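Below is one structure, written out as structure tokens; comments come after it.
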Amino acid sequence: MGLLHLTETQQEIQRLARDYAQRELAPLAGERDRESRFDRAMITQMAELGFLGMLIPEQYEGLGLDAQSYLLALEEIAVGDATAAVTLSVHNSLPTQMILNFGNEAQRTAFLPRMARGEWLGAFALSEPEAGSDAGSLRTQAVRDGDHWVLNGTKAWVSHGNEAQVILCMARTDSPDARRGSKGISTFILTPDLPGFHLTKKENKMGLRASPTLQIVLDNCRVPADRLVGEEGKGLTYALGSLDHGRLGIAAQAVGIARAALEASARYMTERKQFGQPIADFQAIQFKLADMATRITAARTLLHTAAAAKERGERVTRFSSMAKLFATETAMWVTTQAVQIYGGYGYVTDYPVERHMRDAKVTEIYEGTSEIQRIVIARETLAAAAAADGSLPD
Ligand code: CAA
């Protein structure tokens, strides 16, 4: 499909995901959205295809895919249903990767196979009501008590927090009397059976309505000491480092949402007649389609160039933020154009483009707003320029 040079295996994975998404996800995506219904059976189906273990190595029962294959699959899933894509992106990019990269062998063996099989869904709890973009200001406090940690605080905006069996949670382990800033945060593996773990507010959202977003209150939540991930005090670094990968997933989701809107628009343009001809014959509408297609291809190319760099083991912080920024703003722009092409019909729920537009909006917000991506890109670009004596290597 176009510019990307894909291996046979990557093409096969792309085809498998596309067939599945078009056959099973797309037909019911509107209904799930209207009913705000998270579909666990859909997760089971995707698990059977291996989609819950795409980045988990085979030794822990995952597929051990390369980053590009994973992102191709995610894009196809998002074309079918953006809510399925966010579930897969969060699970595959954040909790499973944090356990894999920073956990110990006992944690990997205990959690990863069941997460790869989709028996356990993973979630990520970094944000709090008063700590969103400023993730380092989080306040949830963990205090050591014998062979447990006791956690108190509120985690916010946790995607599928009520459906997850494994939640990677960031909390402060420094003392309130001697704060250590970003070095005072640690990562814990929570499970909903822990005493003091409470699901509270479920958000009523504009889009991605079939993906529940929860607040979690930790009220003297007792967490066994062996649930601490990696080193004490490294939790923020683990979380932000993992978001480098997570943001590529959200970029793929955004490309998929934009593509769904493009494909719907291309169909509609040839069917809808005004002034005695299909609106596809009007250059004003053709130009919209041309710009939509160009931006989507540019977003996908940037995304896969960043993914290839990640696959080579390079640090991709800057490029992952660029891919997320460009792909999500593309999704917002493209879906808005799609609604315009549909006119009044785009503004009502008879056609899917209003849902695509609502779904696109949050991609500019979660896993770091567009403004945060610009901060990261600017910082990294300045650092790269300084390191290269003023020139800007790509
Ligand atoms: N990789 C590894 N380490 C990183 C890193 C990266 N990409 N970025 C920062 N760090 C490290 C830094 O080196 C620093 O470590 P030290 O203290 O040891 O030096 C530490 O993390 C703190 O970094 P900064 O000093 O740069 O932190 P800051 O306070 O200036 O904030 C920020 C930086 C870019 C604004 C960051 O807070 C950020 O990205 N904010 C957005 C948060 C976000 O994306 N939240 C998403 C919530 S999850 C979600 O939406 C999930 C969902 O369910 C869909």
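The values are calculated or read from the model by the stated rules, or taken from the named source; none is laboratory data. All figures in this text were calculated on a predicted structure; none of them were measured in a lab. Cβ atoms come from the backbone with ideal geometry, glycine included; neighbour counts cover every protein chain shown. When the accessible area is computed, the model is the full protein with side chains, heavy atoms only, and any ligands, DNA or RNA have been set aside. Shrake-Rupley method; radii C 1.70, N 1.55, O 1.52, S 1.80 Å.
Quantify, in whole percent, the carbon and sulfur part of the accessible surface of the chain (1.4 Å probe; protein heavy atoms only).
Ligands and nucleic acids excluded, carbon and sulfur give 52 percent.
Keeping all protein chains in the complex and leaving out DNA, RNA and ligands, what accessible area do you get for residue 127 with a 1.4 Å probe, in Å² to the nearest 10?
Counting only protein heavy atoms, the figure is 30 Å².
Where both partners of a DSSP beta bridge lie in the chain, what percent of those bridges are antiparallel, to the nearest 5? Could the numbers behind the result be given before it?
On the way: 30 of 35 bridges.
Within the chain, antiparallel bridges account for around 85 percent of the total.
Using a simple charge model, +1 on the beta-carbon of Lys and Arg, -1 on the beta-carbon of Asp and Glu, nothing else, what dipole does segment 24-151 show about its Cα centre, in debye to the nearest 20?
My answer is approximately 240 debye.
Taking amide H positions as placed 1.01 Å from N in the peptide plane, with prolines and chain starts having none, which residues 5 or more places from residue 229, or on another chain, fall under 5 Å of its amide H?
Amide H to amide H, under 5 Å and 5 or more residues apart or across chains, residue 229 pairs with 187, 188, 189.
Report residue 143's accessible area, 1.4 Å probe, all protein chains in place, as a number in Å² to the nearest 10.
80 Å²
Between residue 369 and residue 48, what length comes free when the chain is fully extended (0.36 nm per residue of separation minus the Cα-Cα distance, one decimal in nm)?
Length gained, residue 369 through residue 48: 112.3 nm.
Return the sequence-ordered ³J(HN,Hα) values of segment 201-215 in whole Hz as given by the Karplus equation 6.51 cos²θ - 1.76 cosθ + 1.60 applied to θ = phi - 60°, using x for Gly and Pro.
Couplings: 5, 9, 6, 9, 9, 5, x, 6, 6, 8, 10, x, 10, 10, 9 Hz.
Just need the relative contact order of segment 240-394 here, percent rounded to a whole number, with Cα pairs under 8 Å and 6+ apart. Can you show the working numbers first?
Working: 184 pairs, mean separation 47.4, N = 155.
Taking the mean separation of contacting Cα pairs over the length of segment 240-394, I get 31 percent.
What are the lysines whose alpha-carbon lies under 25 Å from the alpha-carbon of residue 205, with same-chain residues fewer than 8 places away excluded?
155, 324, 361
Calculate the dipole size of the chain relative to its Cα centre from +1 charges on Lys and Arg beta carbons and -1 charges on Asp and Glu beta carbons; express the result in debye to the nearest 20.
620 debye
Hey, can you grab everything whose amide H is under 5 Å from the amide H of residue 159? Only 5+ residues off in sequence or another chain; H modelled, so Pro and N-termini drop out.
Residues meeting the criterion, in which the H sits 1.01 Å from N, are 124, 214.
Which whole DSSP H helices in the chain pass both tests: a Cα extent of 30 Å or more along the axis and a mean Kyte-Doolittle value no lower than -0.5?
Working: long enough: 235-271 (53 Å, 0.32); 283-311 (41 Å, 0.16); 317-342 (37 Å, 0.27).
Helix filter hits for the chain: 235-271, 283-311, 317-342.
Give the accessible surface of the chain per residue, rounded to a whole number of Å², with probe radius 1.4 Å and ligands, DNA and RNA excluded.
Per-residue value: 43 Å².
Take the alpha-carbon centre of segment 2-69, take the same for segment 227-259, and report the distance between them in whole Å.
A separation of 19 Å, based on Cα centres.
Using helices alone, what [θ] at 222 nm do you get for the chain, with -39,500 (n - 2.57) per DSSP H run of 4 or more residues, divided over all residues and rounded to the nearest 500?
Roughly -17000 deg cm²/dmol at 222 nm, from the helical runs in the chain.
Applying the Karplus parametrisation 6.51 cos²θ - 1.76 cosθ + 1.60 with θ = phi - 60° to the phi angles of segment 170-177, what ³J(HN,Hα) value in whole Hz is obtained for each residue in order, glycine and proline being reported as x?
9, 8, 6, 10, 7, 7, x, 7
Over the chain, what is the mean sequence separation of C-alpha contacts under 8 Å (at least six apart), divided by residue count, expressed as relative contact order in percent? List each step's numbers first, then the result.
Details: 740 pairs, mean separation 62.4, N = 394.
This gives 16 percent for the chain.
Please identify which residues in segment 338-356 have an amide N closer than 17 Å to a label point set 7 Å out from the Cα of residue 275, following the Cα→Cβ vector.
Correct set: 341-344.
Once the piece of chain linking residue 282 and residue 147 is laid out straight, how much longer is it, given 0.36 nm per residue of separation minus the C-alpha distance between them?
Answer, rounded to one decimal: 41.5 nm.
Loop-only GluC sites (Glu not before Pro) in segment 212-318, please: DSSP not H, G, I, E or B, and at most 14 other Cβ atoms within 10 Å.
When the GluC sites (Glu not before Pro) of segment 212-318 are filtered for loop state and at most 14 Cβ neighbours within 10 Å, 231, 314 remain.
Please build a GNM for the chain, connecting alpha carbons under 10 Å apart, and tell me which residue among 253, 45, 283 fluctuates the most.
Top of the fluctuation ranking is 283.
Non-local amide H neighbours of residue 149 (under 5 Å, H modeled in plane, Pro and chain starts lacking H): which ones?
Those lying under 5 Å, H to H, from residue 149 are 223, 225.
Dipole of the chain (Lys/Arg Cβ +1, Asp/Glu Cβ -1, origin at the Cα centre): which of 87, 168, 215 lies farthest to the positive side?
With unit charges placed on the Cβ atoms, the residue in question is 215.
Among 381, 44, 87, which one shows the highest mean-square fluctuation when the chain is modelled as a Gaussian network with alpha-carbon springs under 10 Å?
381
Any idea how far the Cα center of segment 179-209 sits from the one of segment 318-394, in Å?
26 Å
Treating the Cα atoms of the chain as identical point scatterers in vacuum, please give the log10 of the normalised Debye intensity I(q)/I(0) at q = 0.06, 0.10, 0.11, 0.15 Å⁻¹, two decimals.
For the chain at q = 0.06, 0.10, 0.11, 0.15 Å⁻¹, log10 I(q)/I(0) is -0.23, -0.65, -0.78, -1.37.
If Lys and Arg each add +1 and Asp and Glu each add -1, what is the summed charge of the other residues whose beta carbon sits under 15 Å from the beta carbon of residue 183?
+1
Find how much the distance from residue 9 to residue 26 grows on full extension, using 0.36 nm per residue of separation minus their present alpha carbon separation; answer in nm with one decimal.
3.7 nm
R0 = 30 Å: FRET efficiency of residue 61 with residue 290, Cβ-based, nearest 0.05?
For residue 61 and residue 290, the calculated efficiency is 0.10.
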